[in-house]
1. Could you please give the count of residues in the stretch B:11-43 that are in contact (Cβ under 8 Å) with a residue 24 or more places away in the chain and under 25 Å from residue A:105 (Cα atoms)?
2. Which ones in the stretch B:4-23 are within 24 Å of residue B:96 (Cβ to Cβ) and in contact with a Pro (Cβ under 9 Å, 6 or more places away or on another chain)?
3. Here is a check on your reading of the model: is residue B:74 closer than 17 Å to residue A:43 by Cβ, more than 11 Å from every other protein chain (Cβ to nearest Cβ) and of a type in the set (Phe, Trp, Tyr)?
4. Residue A:46 versus (1) open to solvent by 20 Å² or more (accessible area, probe 1.4 Å); (2) within 14 Å of chain B (Cβ to nearest Cβ); (3) farther than 19 Å from residue B:35 by Cα: which is the lone unmet condition?
5. Given the structure, is residue A:63 of a type outside the set (Gly, Ala, Ser) and modelled with pLDDT under 95?
6. Looking only at residues that are among the aromatic types (Phe, Trp, Tyr) and at pLDDT 95 or above in the stretch A:66-100, which one is most open to solvent (accessible area, probe 1.4 Å)?
7. In the stretch B:44-100, what residues are without any contact (Cβ under 8 Å) to a residue 24 or more places away in the chain and among the small types (Gly, Ala, Ser)?
8. Can you give me the number of residues within the stretch B:72-100 that are open to solvent by less than 10 Å² (accessible area, probe 1.4 Å), modelled with pLDDT of 95 or more and in a loop (DSSP other than H, G, I, E, B)?
Amino acid sequence: EDQVTQSPEALRLQEGESSSLNCSYTVSGLRGLFWYRQDPGKGPEFLFTLYSAGEEKEKERLKATLTKKESFLHITAPKPEDSATYLCALGYGGSQGNLIFGKGTKLSVKP
Amino acid sequence: DGGITQSPKYLFRKEGQNVTLSCEQNLNHDAMYWYRQDPGQGLRLIYYSQIVNDFQKGDIAEGYSVSREKKESFPLTVTSAQKNPTAFYLCATTDRVNQPQHFGDGTRLSIL
């Protein structure tokens, strides 16, 4: 069965304390792995797309990486404004473009 | 200003009532999606449409209905058959398969 698991469920960091969020998956024929940021009461905001193992994308303090079984979202020297829920989603072969979403990691960054 | 507009932001349903959530986009995207988000759960697909006048059921379509008469619009009706409608509803669009989906800011539906 195709699955996406995100860990940890929640992460509390001090400002400047770097860490990583994990998205592990079991799908047939990965067609893209997508990272989103979601603020309370808002829709998810697209961050990155990764298509093949070894690929990396960066944006400000965020860096996303992909292997054959998991993806990491690395947060370097986070600031309080990075606090949000981070969602991982996968497209896979035969899905007609539909995505499977993980349950998210809620990140809190304290000043 | 390009984007996806969901309305209303908050909606309340009475027992036995059908309610309709609006989703409008001016991105000229072909595909549109409706998701339901509950606390502690991932987004779950309700319905999707890849072209005008065509739509398919997602994983949790029971108690919901949709129409796609125009490319720009994909309204979702939550019927009285949906016994647990309280949730955050999200509309998304994409222009191509395997490309990122882009989301509106959601409608929060509650029961009176």
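1. Pass one, the stretch B:11-43, residues in contact (Cβ under 8 Å) with a residue 24 or more places away in the chain: B:11-38, B:43.
Narrowing further to those that are under 25 Å from residue A:105 (Cα atoms): B:33-38, B:43.
Residues flagged as in contact (Cβ under 8 Å) with a residue 24 or more places away in the chain and under 25 Å from residue A:105 (Cα atoms) within the stretch B:11-43 amount to 7.
2. Here is the first cut: in the stretch B:4-23, the ones within 24 Å of residue B:96 (Cβ to Cβ) are B:4-6, B:23.
The answer is B:23, and nothing else.
3. Details: closer than 17 Å to residue A:43 by Cβ: yes; more than 11 Å from every other protein chain (Cβ to nearest Cβ): yes; of a type in the set (Phe, Trp, Tyr): yes.
In short, yes.
4. (3)
5. Details: of a type outside the set (Gly, Ala, Ser): yes; modelled with pLDDT under 95: no.
Against the criterion (of a type outside the set (Gly, Ala, Ser) and modelled with pLDDT under 95), residue A:63 does not qualify.
6. In the first step, residues of the stretch A:66-100 are kept if they are among the aromatic types (Phe, Trp, Tyr); the result is A:72, A:86, A:92.
Filter once more, keeping what is at pLDDT 95 or above: A:72, A:86.
Values: A:72: 59, A:86: 1 Å².
Among them, the one singled out is A:72.
7. Across the stretch B:44-100, the qualifying residues are B:61, B:63, B:65, B:67, B:81.
8. 1
The values are calculated or read from the model by the stated rules, or taken from the named source; none is laboratory data. Worth saying up front: this structure is predicted, and the values here are computed from it rather than measured. Positions of Cβ are generated from backbone atoms using ideal geometry, with glycine treated the same way; all protein chains shown enter the neighbour counts. Accessible surface is based on the protein model in full, side chains and every heavy atom, while ligands, DNA and RNA are left aside. Shrake-Rupley method; radii C 1.70, N 1.55, O 1.52, S 1.80 Å.
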